[in-house]
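One structure below.
Just so it is clear, none of the values below were taken in a lab; they were calculated from the coordinates. This one's a predicted model, so the numbers in the text were calculated from it and none came from an experiment. Note: ideal-geometry Cβ built from the backbone for every residue, glycine included; neighbour counts use all protein chains shown.
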Amino acid sequence: MTKLSKAILLSASIFLSFPIQADVLVENAWLRLLPPVSNMTAAYMNLTSDREDRLVSISSDIAELIEIHQSKMESGVMSMQEVKRLSLPKGKTIELKPQSYHLMVMGLKEVLIEGEAYPFTLEFEHAGKMTIDVPVRNP
Ligand SMILES: [Cu+2]
């Protein structure tokens, strides 16, 4: 990435208050509000890396386990499977969104409050670890 484009990304991220660190831009992160009886939910975000990278793990104090999942429609039935490492091609925005890639947040340890944000630590193969605040939204 050139110095100029990095500066543009940085200023855009400050203006929009998106967290940025290392070489991966995280945008539009949100956590789905579900009824308190559910002990799992999903988190979504857009990831753009300025070099070839992979998301390898995610953790948060609010959950026992967070996995990368991919939802797929097969013969009219929606199913999901774990993706061990999510590839981030250079410069391409990978969208984690409903009915597609998502972070499966399992074993919730607290009741999520709409509008509150909870820290998630994302670990990338090259960019290393970054912690972002993920706000709860009621879709
Ligand atoms: Cu899932």
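Counting Lys and Arg as +1 and Asp and Glu as -1, each charge on the Cβ, what is the dipole of the stretch 32-139 about the Cα centre in debye, to the nearest 20?
Numbers: 12 positive and 15 negative charges, 67 e Å.
Computed about the Cα centre, the dipole is about 320 debye.
Scalar couplings 3J(HN,Hα) for the stretch 54-66, obtained by applying the Karplus form with A = 6.51, B = -1.76, C = 1.60 to θ = phi - 60°, are 9, 7, 10, 7, 9, 9, 7, 5, 7, 9, 5, 8, 10 Hz; x denotes Gly and Pro.
Counting other beta carbons within 10 Å of each residue's own, what order do H69, H126, H102 fall into, fewest first? Spell out each step's value before the answer.
Values: H69 19, H126 14, H102 23.
Listed from fewest to most nearby Cβ atoms, that is H126, H69, H102.
When I68, I113 are sorted by how many other C-beta atoms sit within 10 angstrom of their C-beta, beginning with the fewest, the order is I113, I68. 3J(HN,Hα) along the stretch 132-139: 10, 8, 10, x, 8, 10, 9, x Hz, from the Karplus curve 6.51 cos²θ - 1.76 cosθ + 1.60 with θ = phi - 60°, whole Hz, x for Gly and Pro. Of the GluC sites (Glu not before Pro) found in the stretch 67-103, no site is in coil according to DSSP while having at most 12 other Cβ atoms within 10 Å of its Cβ. Taking amide hydrogens as placed 1.01 Å from N in the peptide plane, the amide H of E116 sits under 5 Å from those of V136, each at least 5 positions away in sequence or on another chain.
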